[in-house]
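Participant: Okay, here's the structure, questions in a sec.
None of the figures in this text is laboratory data; all of them are computed from the coordinates on show. If you're wondering where the values come from, they're calculated on a predicted model, not measured in any experiment. All Cβ positions, even for glycine, are placed from backbone atoms using ideal geometry, and neighbour counts span all protein chains on display.
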Amino acid sequence: MKLFSKSTAWMALTALTLLVSGCGSNGATASNTADKTAAATEAPAAAATAAPAPAAKDYGGLTLTIGIQPGPGAYSLARSKGWFEEEFDKVGVKVDWAEFQSGPPMTEAIAAGRLDFAGLGNLPVVTAQAADIGFTEIANIIDGKNNVAIIVPEDSTITTVEQLKGKKVAVAKGSNAFNFLYRGLDKAGLKPSDLEIIQLQPNEAQPAFETGGVDAWATWDPYITTNVLTGKAKVLTDGEALGVLSPSFLIARTKLAEEHPELITSFLKVYEQARVWEDQHLEEATAAYAEQFQVDAAVIKALRDRVTPINLPISDEVIAQQQETADFQLEQKTIRKQIDVSKVVDNQFIEQAIKDAAAEPKS
């Protein structure tokens with residue numbers, strides 16, 4: 001089975017109109033039949049002259065930057081097909097792409113005004129809110145049951161989280177896996193100081209895991225599935241088994257959402273169109289992903305089996321899970337102040353986008 005080449009394959013990994021209506025008055029009198037006839041004849045032309053064409057909003061050469069993490073899915077599908085560019089070109093808006101290894105650098109880029117949209121996990125949005133970064137949660141795209149896990153080498157004798165005591169565990173600081181690891185340790189009665197936690201981004205953690213430099217790795221897909229499917233790892237525990245969910249979200253820069261809410265809806269419409277197209281053309285999409293990322297189609301299928309993409313309003317249940325995460329991280333001093341996670345949620349965009357996507361499906 002073909003693997004990701006040293007994991008680097010993964011690293012390489014609406015339009016708004018203003019309708020102006022006009023009204024006219026009929027000045028003909030009963031005694032002026034000729035004028036009435038002429039007025040009736042000329043009315044269409046006069047009306048056409050009086051009613052100006054719809055005026056398109058001027059975005060002043062705006063460019064939107066979309067953040068993406070390595071891996072197949074609606075993002076990479078829409079990107080490869082140019083669907084975001086196609087949608088925003090209708091209103092004279094350009095699209096740029098920026099690739100990231102994990103969520104925290106994405107929120108940093110949003111804080112710096114260098115990123116407009118991102119898809120990322122639960123802890124990065126909690127820490128970003130606690131840091132007063134201006135973003136808005138606009139959709140829930142992963143339910144969080146199986147997308148994050150702690151994996152160990154296939155031949156490891158470690159079978160429980162408790163047995164991680166005294167071991168070396170890799171994790172990306174501030175990621176959803178970081179939250180998952182710390183909450184898992186807490187459930188097992190362990191303190192972070194009971195083991196050696198080594199903070200590594202995925203491109204650093206993969207070789208460390210393969211060479212025995214760490215005993216376990218708290219991570220997310222595609223890294224879980226690729227390591228398990230290729231015989232390098234087994235899952236020690238995941239969100240469903242541990243009872244700790246790690247939902248993922250689409251977020252937008254708040255200033256953009258305030259100034260151009262219609263662009264947020266358009267963005268989500270394209271994402272939903274891509275998600276639905278993938279679901280309806282799964283075999284074709286799988287083959288395309290396999291070629292794009294230079295991996296076996298079985299890897300793509302396994303990824304899909306582990307995590308089925310969604311694109312939904314953020315529910316009260318998910319908000320409650322997020323609040324648990326925020327409260328726990330406050331106890332851990334990962335964040336420094338109490339936050340109300342519901343304050344960054346705005347479902348108006350996704351609700352409209354789902355309707356718009358259904359009315360304009362991609363063929």
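Participant: Restrict the search to segment 87-191; then list the GluC sites (Glu not before Pro) that DSSP places in a loop and that have at most 16 other Cβ atoms within 10 Å of their Cβ.
Facilitator: Those satisfying the criteria are Glu154.
Participant: Right, another one. In square nanometres and to one decimal, what's the mean projected area of the convex hull around the Cα atoms of segment 301-363?
Facilitator: Spelled out: convex hull of the Cα atoms, projected over all directions, averaged, 6.7 nm².
Participant: Could I ask something else about it? Could you run the Debye sum over the Cα atoms of segment 70-143, one equal point scatterer each and no solvent, and tell me log10 of I(q)/I(0) at q = 0.12, 0.18, 0.24 Å⁻¹, two decimals?
Facilitator: Scattering profile of segment 70-143, log10 relative to I(0): -0.37, -0.82, -1.24.
Participant: Mind checking which lysines have their C-alpha under 17 Å from Lys301, skipping anything on the same chain fewer than 8 residues away?
Facilitator: Straight-distance partners of Lys301: Lys2.
Participant: Using square roots of five times the C-alpha gyration tensor eigenvalues, list the equivalent-ellipsoid semi-axes of segment 234-363 in whole Å, biggest first. All intermediate terms of the calculation are to be shown ahead of the outcome.
Facilitator: Numbers: eigenvalues 169, 121, 29 Å².
For segment 234-363, the semi-axes come out at 29, 25, 12 Å.
Participant: Further question: Of the beta bridges DSSP finds with both residues in segment 147-238, what % are antiparallel, to the nearest 5? Could you put the intermediate results ahead of the total?
Facilitator: On the way: 9 of 15 bridges.
Beta bridges within segment 147-238, antiparallel portion: roughly 60 percent.
Participant: Can you grab the distance from the C-alpha centre of segment 164-185 to the C-alpha centre of segment 306-363, Å, no decimals?
Facilitator: 23 Å
Participant: Let me spell out the model: positive unit charges on the Cβ of Lys and Arg, negative unit charges on the Cβ of Asp and Glu, origin at the Cα centre of segment 319-363. What dipole size does that give, in debye rounded to 20?
Facilitator: Working: 6 positive and 8 negative charges, 42 e Å.
Its charge dipole is roughly 200 debye.
Participant: Further, regarding this structure: Taking a cut-off of 20 Å between Cα atoms, list the lysines near Lys333, but don't count ones fewer than 8 places away on the same chain.
Facilitator: Straight-line reach from Lys333, under 20 Å: Lys173, Lys187, Lys191.
Participant: Treating cross-link reach as a plain straight distance, find the aspartates and glutamates whose alpha-carbon is under 18 Å from the alpha-carbon of Lys94, omitting any fewer than eight places away in the same chain.
Facilitator: Lys94 reaches Asp58, Glu85, Glu86, Asp116, Glu259, Glu262.
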